[in-house]
Amino acid sequence: MKLGKVTTLTDNTQPPFKRPPGKTDDNDLPREPAAPGNIEHDRAALIGDPRNDENLIVAQLHVAFLKAHNALVAQGLSFNDASRTLRQHYQHIVVHDFLKRIAEPAVVDDIVSHGNRWFNPAAEPFRMPLEFSFAGYRLGHTMVRAAYNFNLNFNLHGGVPASLGLLFTFTALSGEVGDFKTIPENWIIEWENVIGTGPNVSNARRLDTNIATKDDEALFGLRTLTGETETPPDAARLPVRNLLRGYRMRLPTGQAVAHLLDLPVLSKDEVLAAAGDAKQVAALTAGGFESRTPLWYYVLAEAAHFHNGQRLGPVGSTLVAEVLIGLVRRSQDSILRQAGWKPHLPAAKAGTFELADLLRFAGVLGGTAPKPRTYKVKKGDTLAGIAKAELGNADRWPQIYLLNRAIIRNPNQIFPGQVLALPPTTPVGTIPKLYTVKKNDTLSSIAKAQLGSASKWPAIFKANRDVIDDPDRIIPGQILVIPEKG
Ligand code: HEM
């Protein structure tokens, strides 16, 4: 997958303009060129969903996913197999890392083992429950901090704090990349600051009924896409928007949802005890909201009450876990529809796979991506023999061949002393199908014979770009990989 290049600054020797050590140019999302006045296309990130370029932490996370994909391809996986492997490991992270941190693990395990009870992921038409999008999942609004440790330039230990305002500036969707063509090199993230357990890591705020800071521009001075502050003033305040949305959507109260789900219901006193300050207590009592609590506020009060803000309570856990697990169930190649699926990429703790493992695999956290294993060819070796000895399956020889196409011309001819890269030992993806080009073959005729339609030739071209320069020139004897689906 193509990465974007960061912009080099003219004076980049001192913070806050320094490039973090060890970071290459390939650290931005791929972008469209500048197109002043054209909000939709101006430096827009060329990714599946441009909303992932809304703030720098999410944008840099997307960069990490592109790098993880490329690391899988470098280990010999086809584009499709790399996508599937990454998607499935991401699903695992959502369920077993993210959800088990923010929700009650017993609720997560129950939905994984016994199925969804309240949210039907197979329903058509498919809809997102309002209780999730207008209340439960807006839990994130209390988790965000006003400023983060981001890298050696932007941090809370002597640098310029990476405020929410700045994090939203260096993206195309919210801030015109700070008027650079691509993100400047001093804004490459150092994930060691954001994830893990070190002293300088910015953890999420606790889940409670308060929002980062009352005067924060980013949360209380919301802007439109064209940069004007939202009006009237209440429309610019994120918590007010959340409460009004819930009201206008006629969401049930927190207590009503707890009753329906047959979960413990917070008493009036418990809701009041979870209130952030005296003003909140006054507003709750004035409106009778301590017994008919808006669902978003209730979910936060519940997290504060049951878990001291460390994770969601029973109602919040159910709303969020039902939907996210349901989405994973519905996803392409779902790990929850594949009995016995286990993560198999390198992890700090065998048998698990967390976001930190993915970032390490992508080469953006704690050093570089793991190097592929290699094998030095001995006299009498064949690719099938190496596949059997090293991968446990002689049939996997095409995977070794494809990984080393740059140095193997003919799979029947390998030479002692040649060093071959090996694919991962755990089988990932299907074994590629190979085809030897014959006289008078064209990509169209091969596509017709192998994929059932001549018009599918571009798929073969794409899968063999490393050995075909011109689609009209293929050479008898050349070995091509035939993609699974055209
Ligand atoms: C600095 C951080 C953030 C800002 C400035 C922000 C801002 C916003 C705004 C302006 C809306 C639309 C509000 C409305 O008109 O009703 C919104 C919606 C939402 N936000 Fe955030 N948000 C932030 C972080 C988060 C996080 C971390 C999460 C979850 C983990 C989250 C979850 C949601 C959800 C679920 C919605 C509703 C989306 C929908 O209607 O489909 N937000 N946010």
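The values are calculated or read from the model by the stated rules, or taken from the named source; none is laboratory data. This one's a predicted model, so the numbers in the text were calculated from it and none came from an experiment. Note that each Cβ is placed from the backbone with ideal geometry, even for glycine, and that neighbours are counted across all protein chains shown. All accessible areas refer to the heavy atoms of the entire protein, side chains included, with ligands and DNA or RNA removed. Shrake-Rupley method; radii C 1.70, N 1.55, O 1.52, S 1.80 Å.
For the reader, a short list of remarks on this structure follows.
- Across the stretch 389-435, the number of residues qualifying as part of a helix (DSSP H, G or I), among the charged types (D, E, K, R) and open to solvent by 60 Å² or more (accessible area, probe 1.4 Å) comes to 1.
- Residue, farthest from the ligand (Cβ to nearest atom), within the stretch 124-147, restricted to residues that are over 23 Å from Gly254 (Cβ atoms) and open to solvent by 30 Å² or more (accessible area, probe 1.4 Å): Glu124
- Scanning the stretch 199-232 for residues that are among the hydroxyl-bearing types (Ser, Thr, Tyr), more than 13 Å from the ligand (Cβ to nearest atom) and over 30 Å from Leu272 (Cα atoms) returns Thr226, Thr231.
- Given (1) assigned to a helix (DSSP H, G or I); (2) more than 15 Å from the ligand (Cβ to nearest atom); (3) buried (at least 18 other Cβ atoms within 10 Å of the Cβ); (4) of a type outside the set (Ser, Thr, Tyr), index of the condition Asp110 fails: (3)
- Looking only at residues in the stretch 233-254 that are free of Cβ contacts under 8 Å to residues at least 40 places away in the same chain and either within 30 Å of His41 (Cβ to Cβ) or acidic (Asp, Glu) (or both), the one that is nearest to the ligand (Cβ to nearest atom) is Arg241.
- Condition met for Ile211 (open to solvent by less than 70 Å² (accessible area, probe 1.4 Å) and assigned by TED's automatic domain parsing to the domain that holds Pro50): no
- Some residue of the stretch 118-125 being assigned to a helix (DSSP H, G or I) and among the charged types (D, E, K, R): no
- For the stretch 2-25, the count of residues that are in contact (Cβ under 8 Å) with a residue 12 or more places away in the chain, assigned by TED's automatic domain parsing to the domain that holds Pro343 and in contact with a His (Cβ under 7 Å, 6 or more places away or on another chain) is zero.
- Screening the candidates Thr253, Thr231, Thr285 for the property of being of a type outside the set (Phe, Trp, Tyr) and at pLDDT below 95 yields one hit, Thr231.
- Selection of the stretch 95-106 for residues being assigned to a helix (DSSP H, G or I) and open to solvent by 20 Å² or more (accessible area, probe 1.4 Å) yields His96, Phe98, Lys100, Arg101, Pro105, Ala106.
- In the stretch 318-341, the qualifying residues are those that are over 30 Å from Pro264 (Cα atoms) and in a helix (DSSP H, G or I), and the one that is most open to solvent (accessible area, probe 1.4 Å) is Arg337.
- Exactly one residue out of Gly276, Gly309, Gly288 is at positive phi and outside the structural domain of Glu131 (by TED's automatic domain parsing): that is Gly288.
- Considering residues of the stretch 436-459 that are farther than 21 Å from Ile407 by Cα and of a type in the set (A, V, I, L, M) only, the residue most open to solvent (accessible area, probe 1.4 Å): Ala449
- Residue ID - surrounded by the fewest Cβ atoms within 10 Å (Cβ to Cβ), chosen from residues in the stretch 467-486 that are outside any loop (DSSP other than H, G, I, E, B) and touching a Phe, Trp or Tyr at 6+ places or on another chain (Cβ under 6 Å): Ile482
- Val257 being more than 12 Å from the ligand (Cβ to nearest atom), surrounded by 16 or more Cβ atoms within 10 Å (Cβ to Cβ), assigned to a helix (DSSP H, G or I) and outside the structural domain of Met143 (by TED's automatic domain parsing): yes
- When restricted to residues that are within 16 Å of the ligand (Cβ to nearest atom), open to solvent by less than 10 Å² (accessible area, probe 1.4 Å) and at pLDDT below 95, the stretch 45-80 contains 0.
- Residue list for the stretch 1-26, filter: open to solvent by less than 60 Å² (accessible area, probe 1.4 Å), in contact with a strand residue (DSSP E or B) (Cβ under 8 Å, 6 or more places away or on another chain) and assigned to a loop (DSSP other than H, G, I, E, B): Leu3, Val6, Leu9, Pro16, Asp26
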